[in-house]
Amino acid sequence: MAEEQAEESGVKDALERAAAGERITEEECLALFSHNNLPALGQAAHDVRMRKAPPGIVTYVVDRNINYTNICVSGCAFCAFYRRPGSPEGYVLSLEEVLAKVAEAVDAGGTQILMQGGLHPDFGLDEMERMLAAIKEHFQVHLHSLSPPEVVHLARTSGAGIEETVRRLREAGLDSLPGGGAEILCSQVREELSPRKATVEEWEEVMRVAQRMGMSTTATMVFGHVESWAQRVEHLSRLRRLQDETAGFKAFIPWTYQSQNTRLGGRCVGGHDYLKTLAISRLFLDNFDNVQASWVTQGLGVAQVALFFGANDLGGTMMEENVVRAAGASFDASEMQVRCTIEGAGFRAVKRNTLYEYLEAA
């Protein structure tokens, strides 16, 4: 009993210090995952959010996902989207198809294109440069595209190296780099789930290089598959250390593993684990200003609650989403629905761009 009381006292102290803006340790972060008082976690995270981001505002971006290919040599156990080379269900979008999709997004008021795909063995750096350059030639739109594993793959197949690859992509039109492909930044987890994908160190190096070149980036975490709480903490700790080093991450976006149609299988975690992890992330990542709620995996209802558990942004309207949908999630949202979700929670909805600059009066 005395030991339990001491542990509870330590958690309470950590919550109070985090809410006040003090940095908590990895050990304290791990203890928070064992803490079952969800409202207390949410209140502390909300206190931090209200201090780190404008208190009366929740932002969102109008964007479109474009998955230019589903052919992938990685074969990640958690992915239901990819098809192996030679599969009759595999595809590569033509440049004309990509440009048509961008045009639809721009016509609908989109300012951001999130273009990502599989690790295609024959879609190389030259092809990617041509695609990026063509989009920029025809449209004034922000290309928040690719991911560290895609950059690593392009570097490997071209022999150009990571720094040269990032430089060439940037010169071709890539504006910023999303944090996809992070999953859990723990070598043991990656060896089990995605041994042929970019390593932890490679993911971090791509981000360092991009940030050093002045590119904005975001960080992600996909949780609820095979990882332990300690491995979630390792992931968060790596992100916090890298942000201390570079200050290059604009936002953190956690979302839950979707199990349907995947080789890994298992069951999806629910709203309780999602909200707990979101709140703990906000408390631990004291050097991140923006935290996104994931309506794509949790739905607009849970996402609305997430606005009181540390999130200050509702992400993108995502005119098209295929990767999470392939694994069983089927949530959709129009811009009006996103705005109503925000305003229904008592906040002012403000449209932003990729750099978190307001595009309308706040």
_Rough spin-label spacing in nm, given labels placed 7 Å along Cα→Cβ, for residue 188 and residue 353_ = 4.4 nm
*Could you tell me whether region 223-362 comes out rounded, prolate or oblate from its Cα gyration tensor? Rule is a ≥ b ≥ c as square roots of the eigenvalues, rounded for a/c under 1.5, then prolate if a/b exceeds b/c, otherwise oblate.*
oblate
*Over the chain, what is the percentage of antiparallel beta bridges among all DSSP beta bridges, to the nearest 5?*
5 percent
*asked:* Based on the alpha-carbon set only, what is the convex hull volume of region 137-243 divided per residue, in Å³?
replied: 103 Å³
*Principal-axis tilt of helix 2-19 within the chain, Cα atoms, nearest 10 degrees*: 60 degrees
*Mind listing which GluC sites (Glu not before Pro) in region 14-51 are in a DSSP loop and have 12 or fewer other Cβ atoms within 10 Å?*
22
*asked:* Need the full-extension length gain, residue 22 to residue 247, defined as separation in residues times 0.36 nm minus the C-alpha distance. One decimal, nm.
replied: 79.2 nm
*If each of residue 287 and residue 164 carries a label point 7 Å out from its Cα toward its Cβ, how far apart are those two points in nm?*
3.1 nm
*Where nothing but the Cβ of Lys and Arg (+1) and of Asp and Glu (-1) is charged, how large is the charge dipole of the chain around its Cα centre, in debye to the nearest 20?*
320 debye
*What FRET efficiency would be calculated for the residue pair residue 103, residue 13, taking the C-beta separation as r and a Förster radius of 51 Å, to the nearest 0.05?*
0.40
*Collect residues whose amide H, placed 1.01 Å from N in the peptide plane, falls under 5 Å from the amide H of residue 216; neighbours closer than 5 in sequence don't count.*
177
*Which of the pairs 52/250; 250/276; 101/351; 136/197 have their Cα atoms more than 24 Å apart in this structure?*
136/197
*Just in region 222-254: which chymotrypsin sites (Phe, Trp or Tyr not before Pro) are loop by DSSP and have at most 15 other Cβ atoms within 10 Å?*
none
*By residue number, which cysteines of the chain lack any other Cys whose Cβ falls under 4.7 Å from their Cβ?*
29, 72, 186, 268, 340
*For P(r) over Cα pairs in 20 Å bins from 0, in percent, the listed values are (1) 25, 47, 23, 5, 0; (2) 30, 60, 9, 0; (3) 29, 56, 14, 1; which was obtained by calculation from the structure presented?*
(2)
*Could you give the length gained on full extension between residue 127 and residue 334, defined as 0.36 nm per residue of separation minus the Cα-Cα distance, in nm?*
71.3 nm
*Run through every distinct alpha carbon pair of region 26-74 and return the Kirkwood hydrodynamic radius in angstroms, one decimal place.*
15.0 Å
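Taking a ≥ b ≥ c as the square roots of the Cα gyration tensor eigenvalues, with a/c under 1.5 meaning rounded and otherwise prolate when a/b beats b/c, else oblate, which class fits region 30-113? Intermediate results must be reported in sequence, preceding the final value.
Details: a/c = 5.32, a/b = 1.58, b/c = 3.37.
Oblate, because a/c is 1.5 or more while a/b does not exceed b/c.
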*Picking from 153, 225, 138, which is most flexible by a Gaussian network model of the chain using Cα springs under 10 Å?*
138
*Nearest 10 degrees, 0 to 90: what angle lies between the long axis of helix 38-52 and the longest principal axis of the chain (Cα atoms)?*
60 degrees
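Where a number appears in this text, it was derived from the coordinates with a stated rule and is not lab data. Everything numeric here is computed off the predicted structure, so don't read it as measured data. Using ideal geometry, Cβ is built from the backbone for each residue, glycine included, and neighbour counts are taken over all protein chains shown.
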